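Before any comments, here is the structure.
The values are calculated or read from the model by the stated rules, or taken from the named source; none is laboratory data. The structure displayed is predicted, hence computed values, not measured ones. In this analysis, Cβ positions are derived from the backbone assuming ideal geometry, glycine residues included, and neighbour counts consider all displayed protein chains.
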Amino acid sequence: MLVAAILCIALWFLTDDAHRRKRQEIDAAAQQLMELRHLAHETEWRDRRTAVEHLRLQLEGRLWVADSEALAQANFQDALVKLAGTSGMPSFDIRVELVANPANALKLRQMSASLSGAFNAEALQRFLAAMARDEHLLVVDRLHIELAASPRFDMLVTTYLRPTGATPRDGNAARRT
């Protein structure tokens, strides 16, 4: 008799737990269905798509176009040297290389430039501002400033090449570097 009562109580708890789990699953599914119904009535998707498309076109237009990788590297180095010269940067060393296996989702070819030299705060600030205004996409991946007896900076600048033969989708002529 006692064993039967214990089994009934255990069965009651098991049934109650299973019922509670199923109820939580149903509630979660109902919540997800309500969210999907709400999204279905959204009218902003077209506006969002248009805004994102516009931004994508702007960014694609800032990618470097080159007939060859060597030419792209030379043009990238020349652009950085010109920006540094107009910014009043003191002499610096620059090394440009093409990244072999880009880790970006679009498989864009990536170039990096390592710059190092004497640190001048005002000139470096003007250089960074000039890079931000440049027509090409220039990303400062790393900037290290050492303020020891001889102040120096080390910087890694990255940019991307437009896929070969690709042009911006808005029909504008691609800029050649």
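The table for this structure:
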{"read-out": "Any hit, the range 18-28, residues being small (Gly, Ala, Ser) and within 23 Å of residue 139 (Cα to Cα)", "value": "no"}
{"read-out": "Qualifying positions in the range 39-63 - surrounded by 13 or more Cβ atoms within 10 Å (Cβ to Cβ) and of a type in the set (A, V, I, L, M)", "value": "57, 63"}
{"read-out": "Breaking point among (1) hydrophobic (A, V, I, L, M, F, W, C); (2) within 28 Å of residue 57 (Cα to Cα); (3) crowded, with 16+ Cβ neighbours inside 10 Å, for residue 124", "value": "(2)"}
{"read-out": "Set 79, 72, 66: member being touching an Asp or Glu at 6+ places or on another chain (Cβ under 8 Å), surrounded by 10 or more Cβ atoms within 10 Å (Cβ to Cβ) and in contact (Cβ under 8 Å) with a residue 60 or more places away in the chain", "value": "79"}
{"read-out": "Selection within the range 137-160 - touching a Lys or Arg at 6+ places or on another chain (Cβ under 8 Å) and part of a loop (DSSP other than H, G, I, E, B)", "value": "137"}
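Listed here are the residues, each with its yes/no results for (1) modelled with pLDDT of 90 or more; (2) over 28 Å from residue 122 (Cβ atoms).
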| position | (1), (2) |
| --- | --- |
| 32 | yes, yes |
| 57 | no, yes |
| 61 | no, yes |
| 71 | no, yes |
| 76 | yes, no |
| 80 | yes, no |
| 88 | yes, no |
